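K.L.:
For reference, the structure I am asking about is given below.
Laboratory data are not the source of any read-out in this text; all were calculated from the coordinates shown. These numbers were taken from a predicted model, which means no experiment stands behind them. Cβ: placed from backbone, ideal geometry, glycine included. Neighbour counts: every protein chain shown.
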Amino acid sequence: MSLFVDGKKRHFKALRFFLPLLLLCGVLYTGFWFWFAARIEQGARDFVFDLQKRPDIGVAVRGLGVSGFPGIPIVTFSGTIHDSATAVHIPVLRMQGVFLPGSVLDAEIPQGYAIHSTRSFAFQNLLLAQIVRIRVVIPAHLPADFSENSMRTWRDESNAVALEDITILRDDGLAIMGAGGIGLDEDLQPDVRLRLAILRPDLLVRDLVDGKILNGTQENIARGVVAALTENDGSLHTDFAIRNGGMYLGPIRVGAAPRLVWVPESSPGTRNPPVRPQ
């Protein structure tokens, strides 16, 4: 009996020691999490504010915040991004990660998005995806700012963004999944190389035909190639690239890539706004 009582006393003593320690750790973690989340949210708001200052780009924010306690922070954005001719409406964009160099960032647009534009998009059907998921590795070395000199230094040091996964899903059955890298060429323009697996590639050919990218003999050749290369599971493996100002799906040029114009070197103590597409 005395041994049982002594054992209970030892357990209570241990509990009295560890319980305050656990409570202290919990309080410290909670404080750190919300401090870190506030830093992430402020960084997101600063980025949006920089975009809103530009005369050629507008951002209307319906919602912006950070959640996910006690796990990995999740940044949620909803709103509209537009220029003079095109508006992209995003019901929900979720980005989950610690937002530190070398870490993984998962982004998802689970409800799709809508594009309204006076421009003619040859590839518009593909752009109107219902679900988009992206997983990227934030580069270990980030540019000092978005000035031309900083971006050239970043590029000359052979830096790039590793895209571990991209998934694009449409309600009609078209699915595109891939991985690769995103960098800059010598002119500081996009240099993108992705390896893709495409389900229902016949729908992709249809989009290329509807967009007048393929016609006549090209259409017949493309349909024949797709039929010959599609595997038993219905998937087609090919490359996607952005190079020399063009976007290429395999050997087919599917459109022009937006040209990036980097801002000049900023004066000391000022922040550079992000690059703008032309």
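K.L.:
Amide H of residue 130: which non-local residues (sequence gap of 5 or more, or other chain) have their own amide H closer than 5 Å, using H built in the peptide plane?
P.N.:
169, 170, 171
K.L.:
Between segment 212-231 and segment 51-122, how many Å separate their Cα centres?
P.N.:
35 Å
K.L.:
HN-Hα J couplings of segment 88-93 from phi, Karplus 6.51/-1.76/1.60, θ = phi - 60°, integer Hz, Gly and Pro as x?
P.N.:
Each residue's phi maps through the Karplus curve to give 10, 9, 10, x, 8, 10 Hz.
K.L.:
Between residue 82 and residue 164, what is the label-to-label distance in nm when each label sits 7 Å out along the Cα-to-Cβ direction?
P.N.:
Each label point lies 7 Å from its Cα, and together they span 3.6 nm.
K.L.:
Also, quick follow-up: Residue by residue through segment 164-175, what is 3J(HN,Hα) from phi via Karplus (6.51 cos²θ - 1.76 cosθ + 1.60, θ = phi - 60°)? Round to whole Hz and write x for glycine and proline.
P.N.:
My calculation for segment 164-175 gives 6, 7, 9, 10, 10, 10, 10, 5, 7, x, 5, 9 Hz in order.
K.L.:
Now for a different question. Search the structure for amide H atoms under 5 Å from the amide H of residue 255, placed 1.01 Å from N in the peptide plane, and list their residues when 5 or more places away or on another chain.
P.N.:
Under 5 Å from the amide H of residue 255: 247.
K.L.:
Go through segment 196-231 and name the trypsin sites (Lys or Arg not before Pro) that are in a DSSP coil and have 15 or fewer other Cβ atoms within 10 Å of their Cβ.
P.N.:
Sites meeting the loop and neighbour criteria: 212.
K.L.:
Apply the Karplus parameterisation 6.51 cos²θ - 1.76 cosθ + 1.60, with θ equal to phi minus 60°, to every residue of segment 229-246 and state each ³J(HN,Hα) to the nearest whole Hz, in sequence, with x for glycine and proline.
P.N.:
9, 5, 7, 4, 7, x, 9, 10, 9, 8, 10, 10, 9, 10, 7, 6, x, x
K.L.:
Okay, moving on. Averaging over all projection directions, find the projected area of the Cα convex hull of segment 154-258 and quote it in nm² with one decimal place.
P.N.:
Averaged projected area of segment 154-258's Cα convex hull equals 7.3 nm².
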